[in-house]
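Chemist: First the structure, which I've put down as structure tokens, then a few questions once you've had a look.
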Amino acid sequence: MARALVCTEDGRQLPLSARHWRCPCGAPLDLTAPPLLDPARLGAGDPSIWRWSPVIDLVDERIWSRLTLGEGGTPLLPLDPTRPSLLAKLDFLMPTLSFKDRGAVVLVAVAVSLSARSLIADSSGNAGTAIAAYAARAGLPVRIFVPAATPGAKLASMRAHGAAVEQVDGGRQAAADAAVAAVKTTGGFYASHVWQPAFLEGTKTFAFELWQQLGGRAPDDLVLPVGNGTLLLGAAKGFAELHEAGLVPLPPRLIAVQAAACAPVAAAWRAGLPTTAPVTPGPTRAEGIAIPAPVRGRQILTAVAGSGGRVVTVDEEAILDACRSLAGLGVYVEPTAAATYAGVQAHLAEEAGDRLVVFPLCGAGLKSVPRKI
Ligand SMILES: *Cc1c(COP(=O)(O)O)cnc(C)c1O
Ligand SMILES: [Zn+2]
């Protein structure tokens with residue numbers, strides 16, 4: 001448990017501390033490397049993310065064992081019988097019905113181990129719900145700043161867990177700005193899934209599970225939604241750790257999916273730029289990936305390029321079609337989750353050959369405003 005924070009821009013190291021949610025230079029922080037993954041040291045029989053606790057390596061078992069809801073261990077299966085080499089990982093089958101539980105439980109456990117007294121977060125909905133649930137289990141008060149347009153079901157669940165939910169006029173960035181201002185004035189622990197690298201220590205288990213479910217191999221292509229990139233960066237990190245341990249010869253190509261209405265990563269990718277510039281978002285059904293200025297834009301672009309992957313965009317019509325197709329396959333997910341499936345269709349349309357392609361379905365349908373599809 002001697003891991004430290006390290007700046008993603010200048011390499012400066014800082015001790016793990018409740019105060020350091022970003023580098024003094026303004027850049028996001030990562031964590032120094034955990035121990036090498038050793039399959040012999042994994043918790044046998046535990047299907048949750050905590051099976052991988054030797055390489056999460058941030059919090060004591062006495063803390064996480066009080067907080068866990070058994071998050072992780074989600075099914076991997078071919079949804080469409082006509083495409084046996086296309087596998088879906090059903091990450092909406094989580095305690096709070098989105099993949100965010102992977103990261104949120106680790107982040108809240110770190111907050112507890114750093115003796116935080118209260119939490120502050122900002123979210124388009126699912127991260128806030130996950131943080132609210134684990135904060136409730138930790139007995140920590142939490143304030144969550146959300147955009148005014150956050151779906152009612154997400155607000156209701158955050159409030160049910162006891163979070164003080166503050167709706168902010170002006171979209172996702174305004175919510176983040178309000179949270180940072182509250183951190184400054186109150187000194188609460190900034191439980192940001194975007195800034196805090198502890199969150200990525202949870203989302204990296206997505207890669208570990210996938211590797212295990214595939215019988216000890218990586219897929220050829222991994223198609224992932226990208227807003228702030230917390231699943232993409234976690235998965236990239238997980239496969240990098242598997243590679244480092246000699247357990248996969250080649251990490252998968254990362255295919256990043258953005259909604260065309262809000263696609264700063266795609267814009268930078270197309271222009272060949274090393275980092276993202278803020279965009280003015282248009283309206284989209286995929287509110288969970290509508291992030292106009294992703295904090296870790298440079299890291300996302302580096303991860304995608306380093307994997308030999310690419311960035312695809314999906315329009316509103318394709319998202320709606322994907323909602324319908326998935327419902328027809330027996331799966332009811334929120335439009336943000338369906339956007340990934342639309343990205344899979346776009347990717348497969350351009351990709352010849354029988355590659356093993358995996359994608360997640362990240363959020364349950366009942367989380368978003370009920371609408372006719
Ligand atoms: C949060 C979320 C995403 C995007 O995750 P990022 O970390 O912002 O890239 C995608 N789908 C769903 C359902 C989400 O809740
Ligand atoms: Zn720095």
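Chemist: Just to be sure I understand: with springs between alpha-carbon atoms less than 10 Å apart, which residue in Ala135, Ala266, Ala181 has the highest mean-square fluctuation in the Gaussian network model of the chain?
Modeler: Answer for the Gaussian network model of the chain: Ala181.
Chemist: Pairs of alpha-carbon atoms within less than 8 angstrom and 6+ residues apart define the contacts here; what relative contact order does the chain have, in percent?
Modeler: 16
Chemist: Same structure again: Could you calculate the contour length gain from Glu61 to Thr280, that is, 0.36 nm times the residue separation minus the distance between their Cα atoms, to one decimal place in nm?
Modeler: 74.5 nm is the gain from fully extending Glu61 to Thr280.
Chemist: Please report the antiparallel percentage of the DSSP beta bridges confined to the chain, to the nearest 5.
Modeler: 25
Chemist: Around Glu9, what is the net charge, scoring Lys/Arg as +1 and Asp/Glu as -1 over all other residues with Cβ under 13 Å from its Cβ?
Modeler: Local net charge: +2.
Chemist: Students often check this: by mean Cβ neighbours within 10 Å, which of 220-230, 108-118 ranks highest, and how do the rest follow?
Modeler: 220-230, 108-118
Chemist: Sticking with this one: Would you mind computing Rg(Cα) / (2.2 N^0.38 Å) for segment 111-194, counting N as its residues?
Modeler: Output field value: 0.97.
Chemist: Normalised by the empirical 2.2 N^0.38 Å for globular proteins, what value does the Cα Rg of segment 280-356 take?
Modeler: 1.21
Chemist: Could the peptides 353-359, 88-94 be put in order, highest first, of the mean number of other beta-carbon atoms found within 10 Å of their residues?
Modeler: My ranking of the peptides, most packed first, is 88-94, 353-359.
Chemist: Output wanted: per-residue J couplings in Hz (rounded whole) for segment 82-90, from phi through Karplus 6.51 cos²θ - 1.76 cosθ + 1.60, θ = phi - 60°, x for Gly and Pro.
Modeler: Here the 3J(HN,Hα) series is 7, 10, x, 9, 10, 10, 9, 9, 8 Hz.
Chemist: Something else now. Give the Cα extents of the chain along the principal axes, in whole Å, largest first.
Modeler: Rounded to whole Å, the extents work out to 52, 49, 39 Å.
Chemist: When the dipole is taken about the Cα centre of the chain, and only Lys, Arg (+1) and Asp, Glu (-1) are charged at their Cβ, what size is it in debye, to the nearest 20?
Modeler: 700
All of the numbers you see were taken from the coordinates with simple rules; none came from a lab. Computed from a predicted model, the values in this text were never measured in an experiment. A quick note on method: Cβ atoms are made from the backbone with ideal geometry, for glycine too, and the neighbour counts reach across all protein chains shown.
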